[in-house]
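Everything on this sheet refers to the single structure shown next.
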Amino acid sequence: MTDLELKRHRVTTSLGEIAVAETGEGPVLVMLHGGGPGAGGVSNYQQNLPALAEHFRVILPDQPGFGGSYRPTEEDLRQRSITEITVDALYQALDSLGIGTFHLLGNSLGGAAAIAMAQQRPDRVTRLVLMAPGGGWLPFGPTPTEGQKEMFRYYNGGGPSEKKMAAFIRTMVYDHKQFGEDVVRARYESSLDESHIAFYHLYNAAFARRGGMDPLWRDLHRIKAPTLLLWGRDDRTITLDGAQLMLKQIRDVQLHVFGKCGHWVQLERQPEFDRMVTDFLTRDAS
């Protein structure tokens, strides 16, 4: 990241301000982060930017409730799901930035937003990359999953700590030894914003009221963009066994499974992730 220039914007929408970072030139690639404590656009994908910015204008929004973006209120979350809120805010932000069509990539909570964006405006999403996305997935095992439980525990039971962040990361990845104390501390420190903690309690309560993520799997057939699914075989948060419906219902879809890999494919298998995403998004490009 030392030689990579990041441009930062605060984009006004009717819901609130969305913080956006961008880098690189070329076709637009919007990358949506997951929903864990301390998550954000740049923090979740910074290690991938040098490779991707060689080919794309990479847009990194902080989704509502995260990073530098506005925090939805309890009333907001009673009226609409976090995915519905996010899709509305992100399309407004992209319109403000003058972005029409774009490639779209999302992980976990951001994967749910990416699915919904591709369902609602299929004319705007040219290609879609989903990493263990929420909403399009139906688990065969018990829920909440191990990773979902760890996310819930993080801000409860005495609040955040480095020990709890280390436990959270161990659940997210296959081999936690890849991520040392410096990674744990940085992620822990980024999770301490009081407004984000308050939002996270509202967000968890809203999930409980709604029974989890929006059932986006019902409308997977509405996705028209060629789609690449990336999944860690050993994901304990959004498990691989739930991917079968996506393979069946998305019209133009392919799946790549990484062995010895958990929920954070972009981190755990960075070189392969960078190469596969670039190849998929540039294939047959005119």
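The values are calculated or read from the model by the stated rules, or taken from the named source; none is laboratory data. What you are looking at is a predicted structure, and each value in this text was computed from that prediction instead of being measured. As a convention, Cβ positions derive from the backbone with ideal geometry for all residues, glycine included, and neighbour counts pool all protein chains shown.
Which residue is surrounded by the most Cβ atoms within 10 Å (Cβ to Cβ), if the candidates are limited to segment 218-243 and must be modelled with pLDDT under 95 and in contact with a Leu (Cβ under 8 Å, 6 or more places away or on another chain)?
243
List the residue pairs whose Cβ atoms are under 8 Å apart, where the first residue sits in segment 58-79 and is closer than 23 Å to residue 46 by Cβ, the second is outside any strand (DSSP E or B) and acidic (Asp, Glu), and the two are 6 or more positions apart or on different chains.
Close Cβ pairs (under 8 Å, with a partner that is outside any strand (DSSP E or B) and acidic (Asp, Glu)) amount to 68/62; 69/62.
Identify the single condition in (1) surrounded by fewer than 22 Cβ atoms within 10 Å (Cβ to Cβ); (2) polar (S, T, N, Q); (3) within 17 Å of residue 271 (Cα to Cα) that residue 44 does not satisfy, given that it satisfies every other one.
(1)
Out of 228, 247, 281, 220, report the one residue that is in contact with a strand residue (DSSP E or B) (Cβ under 7 Å, 6 or more places away or on another chain) and within 19 Å of residue 140 (Cβ to Cβ).
247
Which one is surrounded by the most Cβ atoms within 10 Å (Cβ to Cβ), of the residues in segment 101-115 that are in contact with a Ser or Thr (Cβ under 6 Å, 6 or more places away or on another chain) and of a type outside the set (Gly, Ala, Ser)? Break it down stepwise before answering.
Keep residues of segment 101-115 that are in contact with a Ser or Thr (Cβ under 6 Å, 6 or more places away or on another chain), which gives 101, 103, 112-113.
Keeping just the survivors that are of a type outside the set (Gly, Ala, Ser) gives 101, 103.
Values: 101: 15, 103: 23.
Looking at the filtered set, the residue picked out is 103.
Look at residue 10 and say whether it is at pLDDT 95 or above, part of a strand (DSSP E or B) and surrounded by fewer than 20 Cβ atoms within 10 Å (Cβ to Cβ).
Numbers: at pLDDT 95 or above: yes; part of a strand (DSSP E or B): yes; surrounded by fewer than 20 Cβ atoms within 10 Å (Cβ to Cβ): yes.
When the stated conditions are applied, residue 10 passes them.
So is residue 38 within 19 Å of residue 189 (Cβ to Cβ) and either basic (Lys, Arg) or over 15 Å from the mean Cα position of the chain (by Cα) (or both) or not? Lay out the reasoning, then the answer.
Working: within 19 Å of residue 189 (Cβ to Cβ): yes; either basic (Lys, Arg) or over 15 Å from the mean Cα position of the chain (by Cα) (or both): no.
For residue 38, the condition - within 19 Å of residue 189 (Cβ to Cβ) and either basic (Lys, Arg) or over 15 Å from the mean Cα position of the chain (by Cα) (or both) - is not met.
Using beta carbons and a limit of 6 Å, which pairs, at least six apart or on different chains, have the first residue in segment 220-241 and over 18 Å from residue 151 (Cα atoms) and the second one part of a helix (DSSP H, G or I) and among the aromatic types (Phe, Trp, Tyr)?
If the second residue must be part of a helix (DSSP H, G or I) and among the aromatic types (Phe, Trp, Tyr), the pairs left are 228/280.
I'd like to know if segment 130-143 contains one or more residues that are among the β-branched types (Val, Ile, Thr) and at pLDDT below 90. Give the derivation first.
To start, the set of residues in segment 130-143 that are among the β-branched types (Val, Ile, Thr) comprises 143.
Next cut, at pLDDT below 90 only: 143.
Yes, the conditions are met somewhere in segment 130-143.
Taking helices (runs of 4 or more DSSP H) that fall entirely within segment 64-151, which contain at least 2 residues that are of a type in the set (S, T, N, Q) and under 23 Å from residue 10 (Cβ atoms)?
Values: elements: 74-79, 82-96, 109-120.
Correct list: 82-96.
Looking only at segment 181-190, decide whether some residue is modelled with pLDDT under 95 and surrounded by fewer than 13 Cβ atoms within 10 Å (Cβ to Cβ).
Yes, there is a match, as at least one residue in segment 181-190 is modelled with pLDDT under 95 and surrounded by fewer than 13 Cβ atoms within 10 Å (Cβ to Cβ).
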